[in-house]
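S.K.: Before I ask anything, here is the structure I am working with.
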Number of protein chains: 2
Amino acid sequence: METYTIFRNLAIIIIFAKVCGIAARKLKAPQVVGEIIAGLIVGPSILHLVEPTTFLAQMAEIGVVLLMFSAGLETDLKELLKTGPIAFLIACAGVFVPLFGGCLLHMCFYGFNPIGDPGFVTSLFIGVIMTATSVSITVETLKELGYLKSRVGTTVLAAAIIDDIIGIIVLTFVIGMRTPDSSMGRVVLKTLLFFVFSIIIGILSYHAFKWIDKRWPHTRRIPIAGLAYCFAFAYIAEHIFGIADITGAYFAGIILCSIKDSDYIAEKMDINSYMLFGPIFFASIGLKTDIADFSMNILWFSVAFVIVALITKIIACGAVAKICRFNTSDSLKIGVGMMTRGEVALIVSQKGLSVGILKPVFFTSVILLIIVSSIATPIVLKFLFNHDHSKKAAA
Amino acid sequence: METYTIFRNLAIIIIFAKVCGIAARKLKAPQVVGEIIAGLIVGPSILHLVEPTTFLAQMAEIGVVLLMFSAGLETDLKELLKTGPIAFLIACAGVFVPLFGGCLLHMCFYGFNPIGDPGFVTSLFIGVIMTATSVSITVETLKELGYLKSRVGTTVLAAAIIDDIIGIIVLTFVIGMRTPDSSMGRVVLKTLLFFVFSIIIGILSYHAFKWIDKRWPHTRRIPIAGLAYCFAFAYIAEHIFGIADITGAYFAGIILCSIKDSDYIAEKMDINSYMLFGPIFFASIGLKTDIADFSMNILWFSVAFVIVALITKIIACGAVAKICRFNTSDSLKIGVGMMTRGEVALIVSQKGLSVGILKPVFFTSVILLIIVSSIATPIVLKFLFNHDHSKKAAA
């Protein structure tokens, strides 16, 4: 292959991803769904314009690491500590109930496997995909309704962030289980060691970055150092601790989220992401999906997958909120606010695919979940708030 | 190779490039020289931390195309038309005299070859490398001295831009000559066809972009469309017309340089460039350089190369300026202002390397030229202006 053909592929992907992304947004679906469909259209399934290449896969890998780094950078640790324990409990329930539900669902469809079996890890992984809440659509809806700063709003926001952190720990753990020779003890040990490493290096590098930040605020060297830090963390996580590179990148982001120029770094990362790496990542999911693999069985599984993913979040988060003395209506709102899924579900699936736990065809279920949850959440939330409002007005 | 090792390589390159770049700037040398040295340090020549891989080569190729696109975008067509014919004549002399000088120099060192022979193309290519003026250091010096808006200043600026355009046409032509079976006539025809294509598509797409720009000013879709446009042009130039992808990217930039949001596009491209692709490109030059190839012969050649490159520009541009009725002192200033070389010389050399016209060892000469010219230009210019000033004061 001549080097210049990469320009052809990139031009096609960028244009199709942007056009489909805009179209998706007009149809009230998330933009990333449009980008995935763009990949499906230009890929081997339909137009055969672009074949998946190693280069595109590597660019997509950079894209996913940048996305996770940005997610970490945008974490607001202060806000988290404020809402604290209640959000933590809601997040825990919101991770483990869907995890269990997803695992059980996969077993019902594809058979029960003993612990340690590759089939069991796949079942567990389907659960892991269900864990991560994507809060952006809920945030937008609450903002629109004027309830973002309400107790429900801040609780959902904090719970969603903690939920991501717990979700990524679970992912790390499940990924560690994939190699048959790795004993449970070694996986736990490596994961623990990684956390100890992250805390020590995190504290040291946080102060180093604060120093750079103070001496040369708003200079190019800050985002550049941040980017190198993210790549280094991703590499060390995977190479030394056998932990997913995305976990490393996410932690790198969390470590830097409290320095003064974190927004400045995030802004520069965002430009890199939305211009090139983001579209390539999402389109590459579509590229790899082969519609020939699609079957009725997968369709039924996907429908069940969506139902289980939504119901488990609503029930688990809602119930814990109720236990923590929210009223029934607010508890329901919290449950619904937590049910949206987005990029992170795709990123986790991609990781599962690349380490061989997941088959590409399961992306269909994940994409369906993202579409349904992103469309349903604003509608249901608006209904709940308006219903509440009119009841109060009537009283 | 595991995918995650790309993160290791990227982290190392980004950090070393930035640190060496800053160090170079402190020593009054151009930042890119620092980045090249960073590549040399981490590469197989010294530390063996990073090996040149296909992935890095492809990233570097994207980097070089982005750099040329930015160069095109930053062209000020209005300024060009204002200074017009005189700048055009100076630029022509500044391209063809060094082209001839460089070609002759290579022949003196490595033997004369008949026209059409690969050796002849290499000699010609050494001349092509000498053509492109990098005006940024001159601009900074003139700004500092307060002469940027003087007649000398605007003339140098315009001549340097026209010089780039003519230089790239010559490059296109010489690259076309590399395949032995391509007759001179075919090369001319393909080059002409590419220009006709560029003008037609250029006019159409200029209006399309103006329309997008008017409807959605300052939105993400503008730089995204710009990026796709640049990649598409680079691909079409090379695939259909057999013309260097960098020529395509440069033309894409010139086509878009007059739309309202061209600065906005350039700004986003810059972020992509300085964060990742730029450092990778310059470091990859260092990576590929093997100091083992270095010999006394190359050292002498490099010294002669630098002298010829500087003298030919000063004489050619200065003489034409003098003919165009600048006084002797101003003519000399114009000649000196035009003698700096920078990124474009490297980009052209890289192209020669990738198509097999040039050996990696010649990069030494180019790097030396960049260092010497960037350090000498400000010193000589300041001396000339101050000398002038004190003479006037004495009179």
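S.K.: Please pull out the direction-averaged projected area of the protein assembly as shown, using the convex hull of its alpha-carbon atoms, in nm² to one decimal place.
M.R.: The directionally averaged projection comes out at 38.7 nm².
S.K.: Mind giving me the nanometre distance, one decimal, between the label points for residue A:260 and residue B:46, set 7 Å out from Cα along Cα→Cβ?
M.R.: 3.3
S.K.: Separate question: If we count other beta carbons within 10 Å of each Cβ, what is the order of B:144, B:61, fewest first?
M.R.: B:144, B:61
S.K.: What ranking do B:172, A:75 get, fewest neighbouring Cβ atoms within 10 angstrom at the top?
M.R.: Ascending Cβ contact count within 10 Å gives the list A:75, B:172.
S.K.: Just to verify a number: FRET efficiency for residue B:327 and residue A:196, C-beta to C-beta distance, R0 = 60 Å, to 0.05? Provide the component values of the computation, followed by the final result.
M.R.: On the way: r = 73 Å, r/R0 = 1.22.
Calculated value: 0.25.
S.K.: Could you list the trypsin sites (Lys or Arg not before Pro) in the stretch B:248-349 that lie in coil according to DSSP, counting only those with at most 15 other Cβ atoms within 10 Å of their Cβ? Working shown, then result.
M.R.: Numbers: sites: B:260, B:268, B:288, B:313, B:322, B:325, B:333, B:341; in loops: B:260, B:325, B:341.
Sparse-neighbourhood loop trypsin sites (Lys or Arg not before Pro): B:260, B:325.
S.K.: Order of B:235, A:250, B:4 from fewest to most other C-beta atoms within 10 Å? The partial results should precede the final answer.
M.R.: Values: B:235 24, A:250 32, B:4 20.
Result, fewest neighbours first: B:4, B:235, A:250.
S.K.: So for chain B, what percent of the C-alpha to C-alpha distances run longer than 28 Å? If you can, show how the numbers build up before the last one.
M.R.: Details: 36948 of 77815 pairs.
Percentage above 28 Å: 47.
S.K.: Which of the trypsin sites (Lys or Arg not before Pro) across the stretch B:132-192 are loop residues per DSSP, with 13 or fewer other Cβ within 10 Å?
M.R.: In loop regions of the stretch B:132-192 (DSSP not H, G, I, E or B), the sparsely surrounded trypsin sites (Lys or Arg not before Pro) are B:149.
S.K.: Could I ask something else about it? Taking the Cα centre of the stretch B:211-317 as origin, work out the dipole magnitude from +1 charges on Lys and Arg Cβ and -1 charges on Asp and Glu Cβ, in debye rounded to 20.
M.R.: 380
S.K.: Measuring from a point 7 Å out along Cα→Cβ, what nm distances, shortest first, does residue B:208 have to its partners in the other copies?
M.R.: 4.7
S.K.: Starting from the stretch B:103-133, pick out the chymotrypsin sites (Phe, Trp or Tyr not before Pro) whose DSSP state is loop and whose Cβ has at most 16 other Cβ atoms within 10 Å.
M.R.: Hits after loop and neighbour filter: B:112.
S.K.: A follow-up question, please. As a test of understanding, state the convex hull volume per residue of the stretch B:1-57 from its alpha carbons, in Å³.
M.R.: Value for the stretch B:1-57: 68 Å³ per residue.
S.K.: For the stretch B:211-255 and the stretch A:216-259, what is the centre-to-centre distance using only Cα atoms, to the nearest Å?
M.R.: Between the Cα centre of the stretch B:211-255 and that of the stretch A:216-259, the gap is 32 Å.
S.K.: Starting from a label point 7 Å past Cα on the Cβ side, list the distances from residue A:394 to the same position in the other copies, nm, shortest first.
M.R.: Those separations, rounded to one decimal, come out as 10.0 nm.
S.K.: Now, a different point. Can you give the convex hull volume of the alpha carbon atoms of the stretch B:231-324 per residue, in Å³? Spell out each step's value before the answer.
M.R.: On the way: hull volume 18.0 nm³, N = 94.
About 192 Å³ per residue, rounded to a whole number.
S.K.: Here's another thing I want to ask about it. Restricting to DSSP H runs of at least four residues, report the calculated mean residue ellipticity at 222 nm for the protein assembly as shown, -39500 (n - 2.57) per run over all residues, nearest 500 deg cm²/dmol.
M.R.: The per-residue figure over the protein assembly as shown is -26500 deg cm²/dmol.
S.K.: Describe numerically, in nm with one decimal, the distance between label points set 7 Å from Cα along Cα→Cβ at residue A:28 and at residue B:239.
M.R.: 3.9
S.K.: Further, regarding this structure: What is the average number of partner chain Cβ atoms found within 10 Å of a Cβ in B:270-280?
M.R.: Averaged over the peptide's residues, the number is 4.
S.K.: Turning to a different aspect of this structure: Here is the link list: B:190/B:359; A:333/A:392; A:143/A:333; A:333/A:391; B:78/B:351. Which ones come out longer than 19 Å on Cα distance?
M.R.: Correct reply: B:190/B:359; B:78/B:351.
S.K.: Right, here's the next one. Could you work out, residue by residue across B:237-244, how many beta carbons of other chains sit within 10 Å of that residue's beta carbon, and then give the average as an integer?
M.R.: Per residue, the number of nearby Cβ atoms from other chains is 2 on average.
S.K.: Rounded to the nearest 0.05, what FRET efficiency do residue A:219 and residue B:100 have when you use their Cβ-Cβ distance and R0 = 35 Å?
M.R.: 0.20
S.K.: Sticking with this one: Near the axis that takes chain B to chain A, which B residue has its beta carbon closest, and at how many Å?
M.R.: B:271, 2
S.K.: Still on this structure, please answer the following. Taking beta carbons within 10 Å but only from partner chains, what does the mean come to for residues B:50-62?
M.R.: 3
S.K.: Given an 8 Å cut-off on Cα distances and at least 6 residues of separation, report the relative contact order of chain B as a percent.
M.R.: 29
S.K.: Okay, next question. Over the Cα atoms, compute the radius of gyration (one decimal) and Dmax (the largest Cα-Cα distance, rounded to a whole number) for the stretch B:1-117, in Å.
M.R.: In Å, with Rg to one decimal and Dmax whole: 20.1, 57.
Read the figures in this text as sums done on the coordinates, not as results from a lab. Everything quoted here is computed from the prediction, not taken from an experiment. Glycine gets a Cβ as well: all are built from the backbone with ideal geometry, and neighbour counts include every protein chain shown.
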